[in-house]
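*Asks:* Take a look at the following structure, please.
Throughout, read-outs are computed from the coordinates displayed, never taken from laboratory work. Here the structure is a predicted model, which means the values were calculated and not measured. In this analysis, Cβ positions are derived from the backbone assuming ideal geometry, glycine residues included, and neighbour counts consider all displayed protein chains.
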Ligand code: SF4
Ligand code: SF4
């Protein structure tokens, strides 16, 4: 069976240290001022005794029904064999249609290449070689879990079977592959 | 920007003014083509000057628009890849073909219209000065001119396609609640193609009328213009009631109320009705405002859809 790579973010374990943000910039040589992943703070919200604050890692959600892939006029944006959404830089004309279509603001036009850019799950450099993405391997709090969702023995499948994973903006029907486990946070 | 403690990186607008102007110019081109071609095909008393203005505007407008589009690409020099890589589920990919063919047909039609008086003159052996009168009479088409009417028909279909495409381009973004708003809540029927089609015809007709300013009898066209303005007002009322009021607030409120509503619709509507009833020639102010309003409308729609998400 084909693999389906997914990531779980255990929000309660994230301390907002931005090690993932930096690791991504190292790994993927992302231009100054641009980010494939970032982890902004949400909150603080509410008043005592119900104050909450957490960090939310935001990057491409690796949608399985991806609006960016649907609108791309050149098929530069595509799914690979493991359900990872990628951009073929050579085919991309930089029309930005995908930027308007992505509801997660995950994409940007790379200042150096002029092509659409976003998180790739570190497909070429790491995941296709059996490693985990740079952000996952560096995560200080142990908040990021990555693996094949369809393999019931994988860490991520086990985690998601025990905990409720929520996806962002579910109403758009994009079927993201990034699950947020909010237990202990909100 | 402080991503460590804050607010995530500010949201950049993907499509800005260049795209708004491109959509506007594509609309003008389509509307002017329809004005010329339909007059050519069905007009009894064909004002040659009007047909000529309406035939010359489209190639210029669409070529300028396409240049803007190409410059707005992240990789302008790779624009040709749009033609060789097709994605049938992408409205932009389909639109690329509609617009390219329309551009070619518009050029051919402009050439035929340019060559038209010459053929007329030969056909009935009159001087160029008599062309306007001669145009009223039916002359058997000969040679290349036999293509003129078929080209007008095909071009009209493509113009219709181009004008609606500018709406579908935005309405196909299903994750954008403003752009993809359905027509009167009917799911599956997007609103924007209707609005942009009416605005395209209205602005294209207006631009053509400016080009045909000293034509004697344009009353019919002025009346059509009034009807189009009224339909557009109706459509904007529908839009206003279909989407969140947040879209009409903030920095875009002035653009909408002053640019789109007052300058683009209400003033020209009042002036046009006054002009027609009092037989005053108010073509330039009326049509000028319609054109400006059409541009404001594209800016408003393009930006509003990306400001509030
Ligand atoms: S998050 Fe955005 S860029 Fe990533 S797959 Fe979904 S729509 Fe595409
Ligand atoms: S910017 Fe590139 S990846 Fe995005 S829709 Fe255009 S061609 Fe496709």
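*Asks:* Give the separation of the Cα centroids, the range B:185-223 to the range A:19-39, in Å.
*Replies:* The distance from the Cα centre of the range B:185-223 to that of the range A:19-39 comes to 49 Å.
*Asks:* Could you work out, residue by residue across B:41-49, how many beta carbons of other chains sit within 10 Å of that residue's beta carbon, and then give the average as an integer?
*Replies:* Working: counts 0, 0, 0, 0, 0, 0, 0, 0, 0.
Mean shielding by partner chains, rounded to a whole number: 0.
*Asks:* Continuing with the same structure: At q = 0.21 Å⁻¹, what is the base-10 log of I(q)/I(0) for the range B:205-309 according to the Debye formula with one equal point scatterer per Cα and no solvent? Please give it to two decimals.
*Replies:* -1.02
*Asks:* Output the relative contact order of chain B, whole-number percent, from Cα pairs under 8 angstrom with separation of 6+ residues. Don't skip to the end; give the middle numbers.
*Replies:* Numbers: 426 pairs, mean separation 74.3, N = 309.
Relative contact order of chain B: 24 percent.
*Asks:* Note down the nm distance, to one decimal, between modelled labels 7 Å out along Cα→Cβ at residue A:65 and at residue A:112.
*Replies:* With each label placed 7 Å out from Cα toward Cβ, I get 3.7 nm.
*Asks:* In the Gaussian network model of chain A, springs joining C-alpha atoms below 10 Å, which of A:127, A:87, A:51 carries the largest mean-square fluctuation?
*Replies:* A:51
*Asks:* If you don't mind, there's one more thing I want to ask. Taking only Cα atoms, what is the 0 to 90° angle, nearest 10, from helix B:17-42's long axis to the longest principal axis of chain B?
*Replies:* 30 degrees
*Asks:* So if R0 is 51 Å, what FRET efficiency would residue B:224 and residue A:15 give, r being the distance between their Cβ atoms, rounded to the nearest 0.05?
*Replies:* Working: r = 66 Å, r/R0 = 1.29.
According to the calculation, E is roughly 0.20.
*Asks:* Continuing with this model, one more query. What is the distance, in nm, between label points placed 7 Å from the Cα along the Cα-to-Cβ direction at residue B:13 and at residue B:271?
*Replies:* Each label point lies 7 Å from its Cα, and together they span 2.6 nm.
*Asks:* Quick one: helix A:19-28 against the long Cα principal axis of chain A, what's the angle to the nearest 10°, folded into 0 to 90?
*Replies:* That works out to roughly 20 degrees.
*Asks:* Could you work out how far apart the two model spin labels at residue B:97 and residue B:147 are, taking each label as a point 7 Å from the Cα in the direction of the beta carbon, and quote it in nm?
*Replies:* 2.2 nm
*Asks:* Efficiency by 1/(1 + (r/R0)^6): what FRET value for residue B:157 and residue A:124, r their Cβ-Cβ distance, R0 = 45 Å, to the nearest 0.05?
*Replies:* Working: r = 45 Å, r/R0 = 1.01.
Efficiency, rounded to the nearest 0.05: 0.50.
*Asks:* Quick check on chain A: take the gyration tensor over C-alpha atoms, sort the square-rooted eigenvalues as a ≥ b ≥ c, and tell me if it's rounded (a/c under 1.5), prolate or oblate. Could the numbers behind the result be given before it?
*Replies:* On the way: a/c = 1.57, a/b = 1.35, b/c = 1.16.
Prolate, because a/c is 1.5 or more and a/b exceeds b/c.
*Asks:* While we're here: Using a 7 Å offset from Cα along Cα-Cβ at residue A:45, what residues in the range A:91-107 end up with backbone N under 19 Å from the label point?
*Replies:* Correct set: A:104-105.
*Asks:* Would you please state the base-10 log of I(q)/I(0) at q = 0.11, 0.13, 0.14 1/Å for the range B:17-307, with intensities from the Debye formula using one equal scatterer on every alpha carbon?
*Replies:* These q points yield log10 I(q)/I(0) values of -0.66, -0.90, -1.02.
*Asks:* First check a/c for the protein assembly as shown, with a ≥ b ≥ c the square roots of the eigenvalues of its C-alpha gyration tensor; if it is under 1.5, answer rounded, and if not, answer prolate when a/b is larger than b/c or oblate otherwise.
*Replies:* Working: a/c = 3.25, a/b = 2.14, b/c = 1.51.
Prolate is the answer for the protein assembly as shown, as a/c is 1.5 or above and a/b outweighs b/c.
*Asks:* Enter the angle in degrees (range 0 to 90, nearest 10) between the Cα long axis of helix B:192-211 and the first principal axis of the Cα atoms of chain B, meaning the one along which they spread out most.
*Replies:* On a 0 to 90 degree scale, this one is about 40.
*Asks:* So how many Å³ per residue does the convex hull of the Cα atoms of the range B:216-272 work out to?
*Replies:* On the way: hull volume 3.7 nm³, N = 57.
So the per-residue hull volume is 65 Å³.
*Asks:* Then there's this: Over the Cα atoms of the range B:187-245, Rg to Rh with Kirkwood Rh, two decimal places?
*Replies:* Numbers: Rg = 14.3 Å, Rh = 12.9 Å.
Across the range B:187-245, the Cα-based Rg/Rh ratio is 1.11.
*Asks:* Figure the gain on full extension for residue B:44 and residue B:86 (residue separation times 0.36 nm, minus the Cα-Cα span) and round it to one decimal in nm.
*Replies:* Numbers: separation 42, 0.36 × 42 = 15.12 nm, distance 4.27 nm.
Fully extending the segment from residue B:44 to residue B:86 adds 10.8 nm.
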